[in-house]
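See below for the structure under consideration.
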Amino acid sequence: MNNTPLVQLENVSRIYQQGKVQVSAVTDFSFTVQGGEFSVLCGPSGSGKTTILNLIGALDEPSQGRVLLEGRDLAELGRGDLARLRRDRIGFVFQSYNLNPVLTACENAEFVLALQNVPKALRRQRVMAVLAEVGMAELAQRRPDELSGGQQQRVAIARAIVSHPAIVLADEPTANVDSATADAILELMERLNHEQGITFLFSTHDQRVMARAHRLIHLRDGRLEHDEVRG
Amino acid sequence: MQLATMAWRTLMRNKRRSVITAFSVAFGVLLSVTFTASGDYAYTNMINTSAVMGLGHLSVEHPDYQDTPTLDKRLLDAKAVQEMALQIPGVTGAQVRIMGQAMFAGGAKSVGGAFIAIDPAQETPAHNIFLRTLIAGQCFSADEEHGVVVGAKMAEKLNLRLGKKLVFTMTDTDGELVSELARVSGIFKTGDDSVDGSVVILPLALVRKGLGYEPNAASLVAIFLDDHRKAESVRGMLARFWTQNKEIAVLTWQESQPDLAGLIGVDRLFNYLLQFLVGLVIAAGIMNTLLMSVMERRREFGIMMALGMMPGQVVRLVLLESCWLGILGLILGVIITTPWFLYMATVGIDFSGQIGEDYSAGGVLVDPVMKFRLYRESAMWIAGAVFSLTIVAGIFPAFKAGRTTPVENLKQG
């Protein structure tokens, strides 16, 4: 059995230069995520949640320390390899959905598969199955501006999971939707985690998300405050 | 989802901006067609006019005739040359001619001038501007051995009318002065006073006899083509017939009329330069639009890169947008240019009020009516240049879009 953690952060620090001032977003942060987890990075604004998601998602590079995904050190990968890694192994769900406004729900969901050069017929089949899974099959031909916030977020989730990534990184996924929609979205993600074993890592300060998490990683001022694993 | 479809939809997101930019491309097409088509028409007109003034699009002559056009430099068997030339595709006529200098006298007055001796049985107005512009009488016939056609200005100088006598004196192949008598059968007026006051058309047989030329000898064979642009290729074919013969040379109109060729060359260069500068201004406008569009969509590019899009694919996406802009601009360009082109190709603008009817350049009469003519390769060149310029204008914005990292882009908006 392979015991390599899915995600591994070793003494990671991220310092940004803002004008003449250096701002430390994350300081000496270490943690691991195992496959199948439903975990939450929580903490107040500015605590470093999004920075950690960006580092794990190969969108940003640490100033110090190492980030490993499936045992691979991201610092050793070039721009092209990192793009391929994001395309094939990571799914993203953003706070403000960030669907492409010129693509339909179906085209948005199949965007990653198109980047992977999956044949059109096969990707359409896979996308329709996933859209059905998230309850969006009937609205597949609508553009984002014809969908509600909750519907857009469902499409974003479909886009994140359709390529069977190793991990889905969700940055404040419930921040822009009403409570009922937030519950429905969380229920959907919980079900996908439970039934399909998809690993989810959230960043949030939404209590509803935290209530459903199996593990809570509390952050404060860019440092790990408390790692709480629930039963 | 193909990148091309995505690029098109992105362009249509801001329809007004895209259409305005496409119109600037279309305006470039209009300007480019105007410059190029007026040039194509004017140059073709000048070259064809120059050809029918004596030397043709190609002239086959003695190799030294161009530098020292004396009457002893001649083709001994011009008839054979004429027959060979007429076999070549694209050749519409081949005329045997003797050209030289002579003194012309009528009554008590005399003037120096140039003569073109022609075979009236073979010459047609299509290949001879002087027969085309007769204002009195007609060309002498084949059995009219002593006929002559003079220019209106010379007729005025020498007090000549139809039927009047004209004596011309020239130097024969032995260097002796010989004179012949002819009667005016026709008077031409090309509109260029220098031509009308100095050129005389004489019968080939009379001049041959007077000069002591062999029965088939002549100064040159003027060859006419259905398209002046074929001059170089037809010259190649003709030259192959006489590779061993050092007494025969084939000259294109550029070589036999270097002044005209130089004038057209310089004018064409300025034309291209002007088009290039206009193109640069339009390209700067397109680049500005694309750059604005790229800067507005930085977060969008960040998302696409976060989802696994390669920087190269982002560059390609923006380049495809500029490609679509080029295609849209070309289509709009064709739509707005066609009516203007059709009007100018059929009616044109008459500048005779400004430049007169007898304006000449490079020794050739220029049509005072500005018209359009666009060769297929010119049209292809315009389409290619405008399209390429649009793509080039997209390169910087495209690299700008592909160069930033996903996290930098995600921080935008």
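Of the residues making up the range A:62-94, those that are within 30 Å of A:R154 (Cα to Cα), away from every other protein chain (no Cβ under 11 Å) and either over 15 Å from the mean Cα position of the chain (by Cα) or surrounded by fewer than 21 Cβ atoms within 10 Å (Cβ to Cβ) (or both) are A:V67, A:L68, A:E70, A:L74.
Candidates are the residues of the range A:40-60 that are more than 11 Å from the chain's Cα centre (by Cα) and among the hydroxyl-bearing types (S, T, Y); the one that is nearest to the other protein chains (Cβ to nearest Cβ) is A:T51. Screening B:Y359 with (1) away from chain A (no Cβ under 14 Å); (2) modelled with pLDDT of 90 or more gives one miss only, at (2). Flag not set for B:M1, criterion: in contact with a helix residue (DSSP H, G or I) (Cβ under 7 Å, 6 or more places away or on another chain), within 14 Å of chain A (Cβ to nearest Cβ) and modelled with pLDDT of 90 or more. Here the range A:48-105 is the region considered, the condition is being among the aliphatic types (A, V, I, L, M), in a loop (DSSP other than H, G, I, E, B) and without any contact (Cβ under 8 Å) to a residue 40 or more places away in the chain, and the residue that is farthest from B:R298 (Cα to Cα) is A:L77. State yes or no: is A:R143 under 20 Å from the mean Cα position of the chain (by Cα) and within 11 Å of another protein chain (Cβ to nearest Cβ)? For A:R143, the condition - under 20 Å from the mean Cα position of the chain (by Cα) and within 11 Å of another protein chain (Cβ to nearest Cβ) - is not met. Summed over the range A:194-208, residues that are in contact with an Asp or Glu (Cβ under 9 Å, 6 or more places away or on another chain) and more than 21 Å from A:L113 (Cβ to Cβ) total 7. Beta carbons closer than 9 Å, at least 6 apart along the sequence or on distinct chains, pair a first residue in the range A:108-132 that is free of Cβ contacts under 8 Å to residues at least 40 places away in the same chain and within 9 Å of another protein chain (Cβ to nearest Cβ) with a second that is in a helix (DSSP H, G or I) and of a type in the set (K, R) for A:A114/A:K120; A:A114/A:R123; A:L115/A:R87. Within the range B:10-34, the set of residues being buried (at least 17 other Cβ atoms within 10 Å of the Cβ) and within 12 Å of another protein chain (Cβ to nearest Cβ) comprises B:T10, B:L11. Considering only residues in the range B:164-187 that are of a type outside the set (D, E, K, R) and under 22 Å from B:N128 (Cα atoms), the one that is surrounded by the fewest Cβ atoms within 10 Å (Cβ to Cβ) turns out to be B:G186.
Among the residues of the range B:175-189, not a single one is under 28 Å from B:I248 (Cα atoms), assigned by TED's automatic domain parsing to the domain that holds B:F104 and either of a type in the set (F, W, Y) or in contact with a Cys (Cβ under 8 Å, 6 or more places away or on another chain) (or both).
The values are calculated or read from the model by the stated rules, or taken from the named source; none is laboratory data. Since the model is a prediction, treat every value here as computed from it, not as a measurement. So basically every Cβ, Gly included, is an ideal-geometry build from the backbone, and we count neighbours across all protein chains shown.
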